[in-house]
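To start, the structure itself, in structure tokens.
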Amino acid sequence: MLAYFGLACAVILIASLITQRMRTKRFFIVRHGQTILNKQHIKQDDAGGLSEEGKEQARRIGLYLGRFRIEAIYASPYERAKETAEILASELSVPVEYSDLLRERKNPSEVVGKSTRDPDVERIVNQMDLSYHEDDYRYSDEENFVELKARAQVCLRYLASRPESTVCIVTHHAFLKMLLAVMLYPDTINARDFIKLSFFNQVDNGGTSVCEYRPWRRLFGKNRGWRILSYNEQLGQ
């Protein structure tokens, strides 16, 4: 009898673990709030805090997400993302974990700290983001398409492995778009197609995209289990 009881307990435990691993996970992927440098049209690196409008955007998002039982926040360690995540955490009363996987694409040194309206900056940005080029194209010392795509693929595997079922992600403009592009086209996205997707799908400060990961579809679905439910919503407005 004890043997049967032990076997039954083991079966229940295994079934519970499988159910937990197979459950759908939902991610609210937030671009950080507006920064002072965003407002001034200045290209940034890892530094730069939120403007008052950016702080208010984060508060509105936090209030809105309060209805969804967010279990954790994963965020980029860059100053603007950390500040956004801290405001969200204060509204949601959940912990924040920082990951370099969620940082913004590294800009070329030649544009950092300069106005986006500077002719030299416009020329460089046009070459990188608006002109068709090979996947391995590199202007100078930036993170190029191949590197950004590879990081997005690693990031999706990392997020899929997290134990929580409802998560808020705080990241950045270029990386958020690459993350979603890899969800849509895991194997086939290339630089030319990404440029088109990026141009026609802007991400606003405080914009939130809602995605799901369905583990049982990983092996058989063309999107490896990922699905985009909504894009660049201004939550709480």
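The values are calculated or read from the model by the stated rules, or taken from the named source; none is laboratory data. Because the structure is a prediction, the values reported are computed rather than measured. Ideal geometry is used to build each Cβ from the backbone, glycine not excepted, and the neighbour counts take in all protein chains shown. The accessibility values were calculated without ligands, DNA or RNA, using every heavy atom of the protein model including side chains. Shrake-Rupley method; radii C 1.70, N 1.55, O 1.52, S 1.80 Å.
Brief remarks on what is shown
- Residue 153 being of a type outside the set (Lys, Arg) and in contact with a Pro (Cβ under 8 Å, 6 or more places away or on another chain): yes
- Residue match in the stretch 24-36 (condition: modelled with pLDDT of 95 or more, open to solvent by 60 Å² or more (accessible area, probe 1.4 Å) and either over 22 Å from residue 234 (Cβ atoms) or not in a strand (DSSP E or B) (or both)): yes
- Subset of the stretch 127-149 [among the hydrophobic types (A, V, I, L, M, F, W, C) and open to solvent by 50 Å² or more (accessible area, probe 1.4 Å)]: 130, 146
- Whichever residue in the stretch 150-186 is open to solvent by 30 Å² or more (accessible area, probe 1.4 Å) and under 16 Å from residue 201 (Cβ atoms) and, among such residues, is nearest to the chain's Cα centre (by Cα): 173
- Across the stretch 197-213, the qualifying residues are those that are outside any strand (DSSP E or B) and either touching a His at 6+ places or on another chain (Cβ under 6 Å) or modelled with pLDDT of 95 or more (or both), and the one among them that is nearest to residue 131 (Cα to Cα) is 203.
- Within the stretch 81-100, being open to solvent by less than 40 Å² (accessible area, probe 1.4 Å), within 21 Å of residue 174 (Cβ to Cβ) and free of Cβ contacts under 8 Å to residues at least 60 places away in the same chain holds for one residue alone: 99.
- Listed by first and then second residue, the pairs linking a residue in the stretch 207-222 that is closer than 16 Å to residue 23 by Cβ to a residue that is open to solvent by 20 Å² or more (accessible area, probe 1.4 Å) and assigned to a strand (DSSP E or B), with Cβ atoms under 7 Å apart and 6 or more places separating them unless they lie on different chains, are 211/227; 211/228; 211/229; 212/26; 212/227; 212/229; 214/227.
- Check on residue 147, of a type outside the set (Ser, Thr, Tyr) and part of a loop (DSSP other than H, G, I, E, B): no
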